[in-house]
Amino acid sequence: MSLAADAFVSQLAAAEPWPENATLYQPLKGELVRSSGTGLSVVAYLRMCGLPVEVVYRANAEYMSPSGKIPFIHVGNQVVSELGPIVQFTKAKGHSLSDGLDDVQRAEMKAYMELVNNMLLTAELYIQWCDDATAAEISRPRYSSPYSWPLSNILSYQKQWEVRRKMNAIGWGGKTLEQVGAAQTLFMLTQRLPVLMLLFTTELDALVFGHLFTILTTRLTSAELAERIKSYSNLLSFCRRIEQTYFDDKKKKSRIS
Amino acid sequence: MAAPDELFCWEGDWGLPSVSTDCLVVLAYAQFAGAPLKVRKISNPWRSPSGSLPALRTNQKDTLSRPSDIIIHLRKQKYNADYDLSAKEGADSLAFISLMEEKLMPALIYTFWIEPKNYVDVTRRWYAEHMPFPLNFFLPGRMQRRQLEKLRLLRGDESLEAGEELEKELYRDASECMNLLSQRLGSHKFFFGDSPSSLDAYVFGHLAPILKSKLPNGKLQQCLKSLDNLTNFCTNILLLYFPRDNRESPSQKTSSQPEGGDFDHVPNKRRKQILSALVALGAMLSYALLTGMVSIQHVQQEALEEPPDLQPIGSHDDEEGDG
């Protein structure tokens, strides 16, 4: 599609109001291995914007997405996948969380979003697929659960091979969790939270919450990264605050222990 | 006193101390931190201890290849360009480096290694001219395949190929990244105050090749040149920290000439002409032998001593009698 056509489609999309029947597609409920924290980040972001969305869980969500990336939203006749493009899409419709930021703050916010994607998302994948015990006991069975044998085995091993290949390419192959820099990223976030997140909620909050909450609440053979998060009181209280504000139905107590 | 660590990196051109982004990052950081490295600029990656460039050979004879690993090693040796940064500034630094790796690096790979005209006219040509024979015949191609593989992994797309859609997407991301860097730099000399840090080294390493190379398809270069503060930032670092490299090199003058005069300036011209002639001659002889134009016969000694009675060409009696 040409740039002119792209712009035209964007204008048309922006002109239409947010519908009541917007749908967010994710893999099976409780199956956090495939989408990691990104699905929760999108839900958090849309709730922060006050946009209604129905979450639909499908085993084949990955294959339903035109880009092959999850989660994705279906709004009217538009399909948009991943947090970044979804943020742009909602912005075109007049819903933005970062309008109050100046240029430097916006630059820093976007840089931190890349840091979280680069480090925390990769750390989640690393723990799930490169730690042999976690991969064998949790990740492979969970990933292959919607499929019958032998497809289940083929797909889960294929996924593990893909992730490990990527880890080797970025230099994370054969490293320990200590060496891959996830802990360093958490420390960086603790330095940044008081500065960026005092005045108003932004898409960075949604992204950070999605990943941290996922790590804190997903069952893994090694709780090393979750323990790291718990050691930073401001990260923990940040997660609780977002959970209570946007996800609690007031009766339940926080899922973060 | 222990011998200094030895840094192997690609040689420079276009007024840069090195043509490689990774090498530029390490060289800039070493300069900023005042690390006493013995720099070996080479054009044959096989002469590097790791088989790739950059590579740092330490006192303990260990070899490091990734810029991040080399920088960590230099920090452990107490050569730290980030010494004065606060925890918040350190966090910002890491965040902007992530931003560049995610948004700018793919566009850099595409510009130099995938975009057909840039690759053929500039990248492949530069490496082919500077590498020793016979490596220059196959190493640039192998390097391109590695870069394409790296881009596919960065983008998470196994079937990724050069095309208008991909180019548009990559350049849009890179343009956004450069704008964000420009906004963060503002009117300052460096990203954090008056002294350069690791972020400055990374930004310089990624932007300087875009700024200084002479590319036929220079969309990324145009975008960078529209951001005056980033352009000045790169120029200042070259003037302050690499004054000897910051001048037009002979090969740059060559590459900026019209296409008609290219052949007159080919290095090792005579050797290449002789080699071409030999290859052509070999090909012609092979063709002649295979098609039977020229045949080699083994004639026995006895046959030479007693030549057979040769029948006159005109006599066809036997054939006529049969009819």
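The values are calculated or read from the model by the stated rules, or taken from the named source; none is laboratory data. What you are looking at is a predicted structure, and each value in this text was computed from that prediction instead of being measured. In this analysis, Cβ positions are derived from the backbone assuming ideal geometry, glycine residues included, and neighbour counts consider all displayed protein chains. Surface areas here come from the heavy atoms of the whole protein model, side chains and all, with no ligands, DNA or RNA. Shrake-Rupley method; radii C 1.70, N 1.55, O 1.52, S 1.80 Å.
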Just to be sure before I move on: is A:Glu82 on the phi > 0 side of the Ramachandran plot, touching a residue at least 12 places away in the same chain (Cβ under 8 Å), of a type outside the set (A, V, I, L, M, F, W, C) and within 14 Å of chain B (Cβ to nearest Cβ) in the structure I sent?
yes
Go through the range B:59-99 residue by residue and tally those that are more than 14 Å from every other protein chain (Cβ to nearest Cβ), of a type outside the set (A, V, I, L, M, F, W, C) and surrounded by 19 or more Cβ atoms within 10 Å (Cβ to Cβ).
2
Members of the range A:97-118 that are more than 12 Å from the chain's Cα centre (by Cα) and in contact (Cβ under 8 Å) with a residue 12 or more places away in the chain:
A:Leu97, A:Ser98, A:Gly100, A:Leu101, A:Gln105, A:Glu108, A:Met109, A:Tyr112, A:Leu115
Every listed condition ((1) away from chain B (no Cβ under 14 Å); (2) without any contact (Cβ under 8 Å) to a residue 60 or more places away in the chain; (3) under 18 Å from the mean Cα position of the chain (by Cα)) holds for A:Gln128 save (2)
Is it true that some residue in the range B:39-48 is within 14 Å of another protein chain (Cβ to nearest Cβ) and open to solvent by less than 60 Å² (accessible area, probe 1.4 Å)?
no
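Every residue, every condition in (1) under 22 Å from the mean Cα position of the chain (by Cα); (2) modelled with pLDDT under 85, yes or no:
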{"residue": "B:Phe8", "(1), (2)": "yes, no"}
{"residue": "B:Ala30", "(1), (2)": "yes, no"}
{"residue": "B:Pro67", "(1), (2)": "yes, no"}
{"residue": "B:Gln77", "(1), (2)": "no, yes"}
{"residue": "B:Asp84", "(1), (2)": "no, yes"}
{"residue": "B:Glu89", "(1), (2)": "no, no"}
Scope the range A:102-117; condition at the interface with chain B (Cβ under 7 Å from one of its Cβ atoms) and β-branched (Val, Ile, Thr); matching residues:
A:Val104
When the range A:45-64 is examined, which residues are found to be in contact (Cβ under 8 Å) with a residue 40 or more places away in the chain and over 15 Å from A:Ala22 (Cα atoms)?
A:Met48, A:Ala59, A:Asn60
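Output the residues belonging to the range A:131-145 that are free of Cβ contacts under 8 Å to residues at least 24 places away in the same chain and open to solvent by less than 30 Å² (accessible area, probe 1.4 Å). Step through it out loud before you land on a result.
Of the range A:131-145, the ones free of Cβ contacts under 8 Å to residues at least 24 places away in the same chain are A:132, A:136, A:140-141, A:144.
Correct list: A:Ser144 only.
From the list A:Leu199, A:Leu236, which one is at pLDDT 80 or above and farther than 24 Å from A:Pro141 by Cα? Give the steps one after another, and end with the answer.
Numbers: A:Leu199 fails: at pLDDT 80 or above.
Only one candidate passes the filter, namely A:Leu236.
Please work out if B:Lys214 is assigned to a helix (DSSP H, G or I) and either of a type in the set (D, E, K, R) or open to solvent by 50 Å² or more (accessible area, probe 1.4 Å) (or both). Even if it seems obvious, please write down each step before you answer.
Values: assigned to a helix (DSSP H, G or I): no; either of a type in the set (D, E, K, R) or open to solvent by 50 Å² or more (accessible area, probe 1.4 Å) (or both): yes.
Answer is no for this residue.
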For the range B:10-31, indicate whether the set of residues that are in contact with a helix residue (DSSP H, G or I) (Cβ under 9 Å, 6 or more places away or on another chain), over 24 Å from B:Thr235 (Cβ atoms) and either more than 12 Å from chain A (Cβ to nearest Cβ) or open to solvent by 10 Å² or more (accessible area, probe 1.4 Å) (or both) is non-empty.
no
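Scan the range A:153-166 and give yes if some residue there is modelled with pLDDT of 80 or more, within 12 Å of chain B (Cβ to nearest Cβ) and closer than 18 Å to A:Asn117 by Cα, otherwise no. Give the derivation first.
The initial filter retains those residues of the range A:153-166 that are modelled with pLDDT of 80 or more, namely A:153-160, A:163-164.
If we keep only those that are within 12 Å of chain B (Cβ to nearest Cβ) too, we end up with A:158, A:163-164.
The next check asks that each one be closer than 18 Å to A:Asn117 by Cα; those that pass are A:163-164.
Checking the range A:153-166: at least one residue is modelled with pLDDT of 80 or more, within 12 Å of chain B (Cβ to nearest Cβ) and closer than 18 Å to A:Asn117 by Cα.
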When residues of the range B:100-136 are limited to those that are within 14 Å of chain A (Cβ to nearest Cβ) and open to solvent by 30 Å² or more (accessible area, probe 1.4 Å), the one nearest to B:Phe204 (Cα to Cα):
B:Glu101
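Please find, within the range B:185-203, the residue that is surrounded by the fewest Cβ atoms within 10 Å (Cβ to Cβ) out of those that are more than 14 Å from every other protein chain (Cβ to nearest Cβ) and closer than 11 Å to B:Asn232 by Cα. Even if it seems obvious, please write down each step before you answer.
Step one: filter the range B:185-203 for residues more than 14 Å from every other protein chain (Cβ to nearest Cβ), giving B:189-190, B:193-197, B:200-201.
Remaining after also requiring closer than 11 Å to B:Asn232 by Cα: B:189-190.
Details: B:Lys189: 16, B:Phe190: 18.
Across the range B:185-203, the extreme among qualifying residues is B:Lys189.
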